[in-house]
Each structure stands twice: as structure tokens, then as C-alpha cells.
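Note sheet for the following structure.
The values are calculated or read from the model by the stated rules, or taken from the named source; none is laboratory data. Keep in mind it's a predicted model, so treat the numbers as computed, not measured. Cβ atoms come from the backbone with ideal geometry, glycine included; neighbour counts cover every protein chain shown.
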Amino acid sequence: MSKTITCAILEDDVAAMNLLVTYVKRQEQLQLKATFADPLEAKDFLLENEIDLLIADIQLPHMNAFELINLLPIKPLVILCTGTKNISYAIKGYDIDVVHYLTKPFSHKHFEEAIQRVFIKRHVSLGVQEVEVEYTSLPQDGGMVRIHFADIIYLEAVKNYVYIHLINDENQKVRCPLQQLEDELPKSLFIRIHKSYMVSKRLIASFSSTHVKLYYLKKGLPLGRTYKDGLKTYMSQGERKQKTSYIRSTAKNLARLMVGR
């Protein structure tokens, strides 16, 4: 399975278009095929060319993004950009399976979060190991914290704690051994690479004799000698093609993404 995601941008605001183009070009796994300011031109292109991802403003001349996407017999994955937090957009987005919303003005960090979800969604749609749930709940400060698998970049053990590094640059700290989390988290999604590190499989970009490089992470993580063979085996096997129920988009989840900005 190719890790390259082809995309097109539909945005009638010049400044926003330029920003999106810049952000897309920073993502090595994205391949920009076309840009449009007019949804009618975009419609003609999308009817004749199949792409993986459409990044579109919602409010456009002639028709809005929802109307455009509903005209397409083969619908790409969609990231929608909006200048307002409107819960009705989340409900409409559920019908066309919108992956993520970006509320203007958005940062490069927020754009990366959206692309992370697209990458996961495409990975799942083409087939990976089946997982029955999307998240885990862990004890924290006398209560519980819910952490979605899709948001985890890597886990780092420091003394008696594990720091869970997430795509929104936040960390969750839980008091438990890394071995416990290795046993609890889906082995189809995460792999141990060091006595102190476990990473999201789908975000592995490359590895050397001593380090592992992840998408969305500038620094490399150490690769322990005892974990090298397991990582090499996983990487050489390629992508697994089995049915999955890993990500199920719901109106509630889409609403959470919008109002959380």
C-alpha cells in the first residue's frame, strides 16, 4: 500500500490558499495534485480524477463544500476549513464522513493533527489489523483519562511514570510501568522499540541501526538492540490487509473536534 496521499485544495481566499499550499508541501507524504478557487472547476476535475484527500473551505461561490462533495460518485477523504464553529457543520459532515475540521485561523500544528487523522483513516480503509475500540482509559490523579489511539505518537517511560505524547503537543502522564501499557494497547497499532519507548506503528517513517524516525516528530527516538529484529520484521512485512473497525466517525466525534478548537 502506498503511503503517498494525493490531495487537492479548494479555497477562494488567496491568503488561506497560500497557507494551505505551504503546509501541504511540508508534509512529505502528501502529493498536491491541484488547487482551485472555484468549486465548479474543482467539481469537473474531481469527476475525472480520483484523489485521496480534498481540503476545502466550506463557504464558496456557486455552491458550498457539502453540495460539491455530494455530487461526487467517488468521494475522497475530506478536511473542511471554516471561519466559524458551527455545530450544524459537524452534523452535515457526518453524512459525508468528514475526517477533520480546521477552524480559521489555524496553525501548522492543527493542520498536522488533521493530516494525522487522514493518514490513519486511509490506513484503516485499505486494511489493518482489526481493533474493536478506539481508545483506552487510564488512571490519573485519582480519576481516569481517556486517550484515543489515533492521537498517540509515542510513549516514554520516565522512572515510575509513562508520558504519552499526543499529536496536539500535549502529554498525559500516568503512573504505571510501560510493560503494562504494552500489554494493554493493541499490538496491531503500537510497537516497543526500546526499554523506555513504544511508538505508533503507522507513524514510523524509517529506522537506522540506532534510531527510529516518526512522522510529525523532528527528533529520532532510540532503538534498542533487543527490539531491532521485531521492528525490522514489522517494516518488511508491509501493510496488513485485514478488515477493521478501528475508526468509526460519528456526529458526536466530529462535533468534539470542532468545539475543541
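Scanning segment 42-77 for residues that are among the acidic types (Asp, Glu), surrounded by 14 or more Cβ atoms within 10 Å (Cβ to Cβ) and not in a loop (DSSP other than H, G, I, E, B) gives a single hit, 57. Taking the conditions exactly as written (assigned to a strand (DSSP E or B) and at pLDDT below 95), does residue 6 satisfy them or not? Considered against the rule, which asks whether it is assigned to a strand (DSSP E or B) and at pLDDT below 95, residue 6 comes out as yes.
Within segment 191-205, identify whether any single residue is touching a Lys or Arg at 6+ places or on another chain (Cβ under 8 Å) and aromatic (Phe, Trp, Tyr), and answer yes or no. No.
For segment 162-173, how many residues meet the condition of being among the polar types (S, T, N, Q) and either assigned to a strand (DSSP E or B) or more than 16 Å from residue 113 (Cβ to Cβ) (or both)?
So the answer is 2.
Of everything in segment 30-53 that is out of contact with any helix residue (DSSP H, G or I) (no Cβ under 7 Å at 6 or more places or on another chain) and within 22 Å of residue 116 (Cβ to Cβ), the residue that is modelled with the highest pLDDT is 33.
Has segment 80-95 got at least one residue that is at pLDDT 70 or above, surrounded by fewer than 22 Cβ atoms within 10 Å (Cβ to Cβ), in contact with a Leu (Cβ under 8 Å, 6 or more places away or on another chain) and in the same structural domain as residue 51 (by TED's automatic domain parsing)?
Looking through segment 80-95, at least one residue is at pLDDT 70 or above, surrounded by fewer than 22 Cβ atoms within 10 Å (Cβ to Cβ), in contact with a Leu (Cβ under 8 Å, 6 or more places away or on another chain) and in the same structural domain as residue 51 (by TED's automatic domain parsing).
Kindly list, by first and then second residue, each pair from a residue in segment 203-223 that is assigned by TED's automatic domain parsing to the domain that holds residue 164 to a residue that is assigned to a strand (DSSP E or B) and among the basic types (Lys, Arg), limited to pairs with Cβ atoms under 6 Å and residues at least 6 apart or on different chains. Once the first residue is assigned by TED's automatic domain parsing to the domain that holds residue 164 and sits in segment 203-223, its partners that are assigned to a strand (DSSP E or B) and among the basic types (Lys, Arg) give 205/213; 206/213; 220/213.
When residues in segment 155-164 are screened for being under 18 Å from residue 223 (Cα atoms), surrounded by fewer than 21 Cβ atoms within 10 Å (Cβ to Cβ) and touching a residue at least 12 places away in the same chain (Cβ under 8 Å), 3 of them pass.
Looking across segment 192-218, the residues that are part of a loop (DSSP other than H, G, I, E, B) and over 19 Å from the mean Cα position of the chain (by Cα) come down to 195, 196, 208, 209, 210. Of everything in segment 9-32, what is farther than 16 Å from residue 62 by Cα, in contact (Cβ under 8 Å) with a residue 24 or more places away in the chain and either surrounded by 15 or more Cβ atoms within 10 Å (Cβ to Cβ) or outside the structural domain of residue 69 (by TED's automatic domain parsing) (or both)? Give them in sequence order. Matches in segment 9-32: 9, 16, 20, 23, 24, 27, 30, 31, 32.
When the residues of segment 174-191 are filtered to those that are assigned to a strand (DSSP E or B) and closer than 15 Å to residue 235 by Cβ, the one that is modelled with the highest pLDDT is 191. For segment 119-150, the tally of residues that are modelled with pLDDT of 85 or more and assigned to a helix (DSSP H, G or I) stands at 1.
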